[in-house]
Ligand code: TXA
Ligand code: MG
């Protein structure tokens, strides 16, 4: 994409409009983080409760001191190791960050994405004086995150205003949301697993991971989330008429609708959300998913699958 549409999008953000944009994890629904009215429109458009905080996206870790009041050494180590990339750091907020973004919490989530369109958009926005684009995944609250611009259009297009924009871009490469690490204590605490794994965090910081405090709100950590309309059932034999998502080495039984057959756990993450959307588009009542085994990104996939299937495991 030439930079001209991105300059236009950056101006739209500065004028208080919403801009959905691709990132390497999933597509985000962005607003100027320093404009509480624009941020309020994210919540209205998503149908998201106002007390669920948003991640602030910037083009460079150099802006961290403006957004965060305190950045421990291990958080710097994580930023150096994994930014730009699929990692969100939770830090003590600076006075500059509005309550609308943090849900009134004393912390702020910050991420430097690596997707070239996201990076260019953020640079253009910052060149206009912008400081951070607040962006949740561009889906209705509790639903499957979008990994393509078409999925954003289907899900939110009718709810957006004429001056809002949806940026095109190749499908998200990682396919599941960023790893979220709470950096407000003595040691890093993983709040949401992702493609940056526990082992990678331990290796980058030289610290053992801390335990999670259940009082911290992470909407992606609610038991039911990431759910399509179809019922998701894990690790059972699919029946005729079911949708089926499993690694390529699993055969498709007769009469079953194969939605994805990725060759690796990374491919599984990349294809999962589009496959769940395809199940709904095909009007399937039930999708059977065979969880990918092992460590690495498979841990985060199993986390999402547990939530997508919440309440439906007996069906
Ligand atoms: O990969 C991603 O992280 C994508 C892309 C667009 O960057 N964004 C994303 O945002 O997944 P969202 O809002 O769908 O999920 C962000 C999660 C939410 O569960 C929210 O509660 C949590 O991050 N979060 C944000 N700020 C927080 C904070 N200050 N403390 C604790 N959790 C926070
Ligand atoms: Mg989300």
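Rule-based calculations on the coordinates, nothing more; no lab input. Please read these numbers as outputs of a predicted model, since none were measured by experiment. A quick note on method: Cβ atoms are made from the backbone with ideal geometry, for glycine too, and the neighbour counts reach across all protein chains shown.
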(request) Take the Cα of residue 11, step 7 Å along the line toward its Cβ, and report every residue of the stretch 164-195 whose backbone nitrogen sits under 11 Å from that point. (result) none
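Please report the relative contact order for the chain, taking Cα pairs under 8 Å with a sequence separation of at least 6, and give it as a percent rounded to a whole number.
19
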(request) Subtract the Cα-Cα distance of residue 168 and residue 140 from 0.36 nm times their separation in residues, and report this length gain in nm to one decimal. (result) 8.2 nm
(message) On C-alpha positions alone, give me the angle between the axis of helix 297-308 and the longest principal axis of the chain, in degrees, nearest 10.
(response) 80
(request) Rank these for me by crowding, 127, 59, 172, going from fewest to most other beta carbons within 10 Å. (result) 127, 59, 172
(message) If I model a spin label at residue 70 and residue 187 as a point 7 Å from the Cα along the Cα→Cβ vector, what separation in nanometres do I get?
(response) 1.8
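Rounded to the nearest 0.05, what FRET efficiency is calculated for residue 239 and residue 153 with R0 set to 35 Å and r the Cβ-Cβ distance?
Result of the calculation: an efficiency of 0.60.
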(message) Cut-off is 10 Å between beta-carbons; in what order do 226, 74 appear when sorted fewest neighbours first?
(response) 74, 226
(message) Taking 41 Å as R0, compute the FRET efficiency from the Cβ-Cβ separation of residue 44 and residue 252 and round it to 0.05.
(response) 0.50
(request) Please work out how much length the chain gains when fully extended from residue 4 to residue 281, using 0.36 nm per residue of separation minus the C-alpha to C-alpha distance, in nm with one decimal. (result) 96.3 nm
(message) Taking the 0 to 90 degree range and rounding to the nearest ten, how far is the long axis of helix 73-82 tilted relative to the main principal axis of the chain, both from C-alpha atoms?
(response) 60
(request) Would you please put 276-282, 184-190, 203-209, 82-88 in order of how densely packed they are, using the mean number of other Cβ atoms within 10 angstrom per residue and starting with the highest? (result) 82-88, 276-282, 184-190, 203-209
(request) Could you grab the relative contact order for the stretch 40-101? Cα pairs under 8 Å, six or more apart, rounded to a whole percent. (result) 44
(request) Specify whether the C-alpha gyration tensor of the stretch 1-109 places it in the rounded, prolate or oblate class, a ≥ b ≥ c being the square roots of the eigenvalues: rounded for a/c under 1.5, otherwise prolate if a/b is larger than b/c and oblate if not. (result) oblate
(message) Taking the beta-carbon count within 10 Å as an exposure proxy, list 245, 180 from fewest neighbours to most.
(response) 180, 245
(request) Apply 1/(1 + (r/R0)^6) to the Cβ-Cβ distance of residue 199 and residue 96, taking R0 = 22 Å, and write down the FRET efficiency to the nearest 0.05. (result) 0.05
